[in-house]
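The values are calculated or read from the model by the stated rules, or taken from the named source; none is laboratory data. Being a predicted model, the structure only gives us computed values, none of them experimental. Methodologically, a virtual Cβ is constructed for each residue, glycine included, from the backbone with ideal geometry; neighbour enumeration extends over all protein chains shown. Note: accessible area is taken over every heavy atom of the protein model, side chains too, but ligands, DNA and RNA are not part of it. Shrake-Rupley method; radii C 1.70, N 1.55, O 1.52, S 1.80 Å.
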Amino acid sequence: VGWSFDGKNVFAASDWRQPFGGMMHLVTIPRIGGSPQAQNYGPARAISFSTDLPGTVIGRNSGDPSRWKRYRGGTAGTLWIDRGNNGNFSPLIRLKGNLASPMWIGKRIYFLSDHEGHGNLYSCTPTGRALVRHTEHKEFYVRFPRTDGRLIVYHAGADIHVFDPAQNTSR
C-alpha cells in the first residue's frame, strides 16, 4: 500500500496474525528483504505520510468502493489522521459515503469517495475542512488512485487518467 517515510520499508495491508480473515492491519517489510513487522496503527488498509508537517493518515475499511457502490453501513471506509505523529488518531472527515485511498500531497489530503453518489477524487485540508471535488466521473467510479507525491494516477472504466493537483486538471 506504500512506502515508509524514509523509503526503507514497504507498507502492506495484511490479515497476518489476525483472528479473522479480512481484518487488515498494516505491516512493514524491509525493502532489502526480511520478515514483516506488525505496525501499531490498528485496523487499516492504506497509509500516507505528510512530507511537510508531522502527520499520518490511514484508511480503515477502505477497500475498493466500486465493489460496494454507495454503501453507507457500519463498515464503510473511513479516514483517520494523526496530526502530530504521536499515535493519537481521530477521524479526518465525516462524509456519508465510502472513503478510500488517502494520499497526502502538500497541504491537502486527496482521497476517493462516493458520498455524492459516484466514486470521484476529493481532497480536504488536514483539519478535515475545505472539501473539494476534483473529478467529474459519472459513468464509472474512480478506482485505485496512487500518487508519486506529485501526480495521481487512477483508472475509470477502461481509461487511465493522470490528475495534477498543482493544475487541478485530469487527463
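Figures for the structure shown
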| item | result |
| --- | --- |
| Surface share of carbon and sulfur [accessible, 1.4 angstrom probe, percent] for segment 5-46 | 53 |
| Theoretical FRET efficiency, 1/(1+(r/R0)^6), r = Cβ-Cβ of Thr75 and Gln167, R0 25 Å, to 0.05 | 0.10 |
| Phe111, Phe5, reordered so the largest accessible area comes first (probe 1.4 Å) | Phe5, Phe111 |
| Projected area, mean over directions - segment 33-73, Cα convex hull, nm² | 5.2 |
| Relative contact order (%) - criterion: Cα under 8 Å, at least six apart; region: the chain | 12 |
| Ranked order, Trp68, Trp3, Trp16 - accessible area, probe 1.4 Å, largest first | Trp68, Trp3, Trp16 |
| Leu99 long-range amide H proximity, modeled H, under 5 Å | Gly77, Thr78 |
| Cα-only Debye scattering, the chain: base-10 log of I(q)/I(0) at q = 0.16, 0.20 Å⁻¹ | -0.94, -1.43 |
| Area accessible to solvent at Glu139, 1.4 Å probe radius, in Å² | 150 |
| Derived scalar couplings ³J(HN,Hα) [segment 73-82; Karplus, 6.51 cos²θ - 1.76 cosθ + 1.60; whole Hz; x for Gly, Pro] | x, x, 10, 5, x, 9, 10, 10, 10, 10 |
| Over segment 68-117, equivalent-ellipsoid semi-axes from the Cα gyration tensor in Å | 22, 13, 7 |
